[in-house]
Amino acid sequence: MEKHFTDSRVKGVSTGTTILAAVFDGGVVIGSDSRASMGGEFVSSKTINKVIQVYDRIFCCMAGSLADAQAVTKTAKFQLSFHSVQMENPPLVIAAASILKELCYNNKDELQAGFITAGWDKKKGPQVYVVSLGGMLISQPVTIGGSGSTYIYGYVDAKYKVNMTREECLQFATNALALAMGRDNVSGGVVNLVVITEAGAEHIVIPGDKLPTFSDE
């Protein structure tokens, strides 16, 4: 049965935002800043965690309307849990991304939310998927999103490398988010990162005063 959502776009709270995910050798890093905004100008919260765990080794980052994104992730977590019981196995990362895609596509006229899904499974290892506002699903080794992403496309293209080490990927993600937060007026706060590997998921929080600084700041 399809689930439909009400429209919350009128003067709703937005996630800001800068979100990112990148594959490294043996795992994936997913992360975001922590601000939520209203109308693209007023910062309504500095402590929103946009990195949501939907299963043990599967996480998603949300952008767009905060109410829409939270409703979709809540429904996706329920459906993914039910799917794992049916399959009698942990769900694949593509299964989580596909559930988010279906929810976004079936409600594309009412929703204003996009997602990055990242995780690790036994079939394909580390993976990153993008679910667009209208429900398009694509796989990429590295991706960025949100209002702050427009400032860091050049940095990401220049600095991302295939088969980076865990430490290199963490530094890459931290630098990219710090650069975006320095430019985008509705990105900021702290950096929330999750490192996902076969061994599990590790949460890392970097306060704003501990982020790297650059020559123009």
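The values are calculated or read from the model by the stated rules, or taken from the named source; none is laboratory data. Keep in mind that what you see is a predicted model, and the values were worked out from it rather than measured. Cβ: placed from backbone, ideal geometry, glycine included. Neighbour counts: every protein chain shown. Note: areas computed on protein heavy atoms with side chains; ligands, DNA, RNA excluded. Shrake-Rupley method; radii C 1.70, N 1.55, O 1.52, S 1.80 Å.
Filter region 120-139 down to the residues that are over 24 Å from VAL186 (Cβ atoms), open to solvent by 30 Å² or more (accessible area, probe 1.4 Å), of a type outside the set (Lys, Arg) and in contact (Cβ under 8 Å) with a residue 12 or more places away in the chain and list them by number.
Within region 120-139, TRP120, PRO126, MET136, LEU137, SER139 qualify.
I'd like the residue in region 18-42 that is modelled with pLDDT of 95 or more and over 21 Å from GLY182 (Cβ atoms) and, out of all such residues, is surrounded by the fewest Cβ atoms within 10 Å (Cβ to Cβ).
Among them, the one singled out is ASP25.
Give me the residue from region 184-205 that is open to solvent by 30 Å² or more (accessible area, probe 1.4 Å) and in a strand (DSSP E or B) and, out of that set, nearest to TRP120 (Cα to Cα).
The extreme case among them is THR197.
If we keep just the residues of region 146-183 that are open to solvent by less than 40 Å² (accessible area, probe 1.4 Å), assigned to a helix (DSSP H, G or I) and β-branched (Val, Ile, Thr), which is farthest from ALA36 (Cα to Cα)?
For region 146-183, the residue satisfying everything is VAL156.
Looking at the structure I just gave you, is THR47 over 17 Å from CYS104 (Cβ atoms), modelled with pLDDT under 95 and surrounded by fewer than 23 Cβ atoms within 10 Å (Cβ to Cβ)?
Taking the combined requirement at face value, the residue satisfies it.
Looking only at region 73-94, decide whether some residue is within 19 Å of the chain's Cα centre (by Cα) and of a type in the set (Phe, Trp, Tyr).
yes
Pairs needed: first member in region 189-208, touching a residue at least 60 places away in the same chain (Cβ under 8 Å) and under 14 Å from ARG35 (Cα atoms); second member anywhere, open to solvent by less than 20 Å² (accessible area, probe 1.4 Å) and part of a loop (DSSP other than H, G, I, E, B); C-beta distance under 6 Å; at least 6 residues apart or different chains.
Listed by first residue and then by second, the contacts come to GLY189/ASP33; GLY189/SER34; VAL190/SER34.
I'd like the full set of residues that are closer than 24 Å to PHE172 by Cβ and either modelled with pLDDT of 90 or more or open to solvent by less than 10 Å² (accessible area, probe 1.4 Å) (or both), limited to region 55-84.
Residues satisfying the conditions are ARG57, ILE58, PHE59, CYS60, CYS61, MET62.
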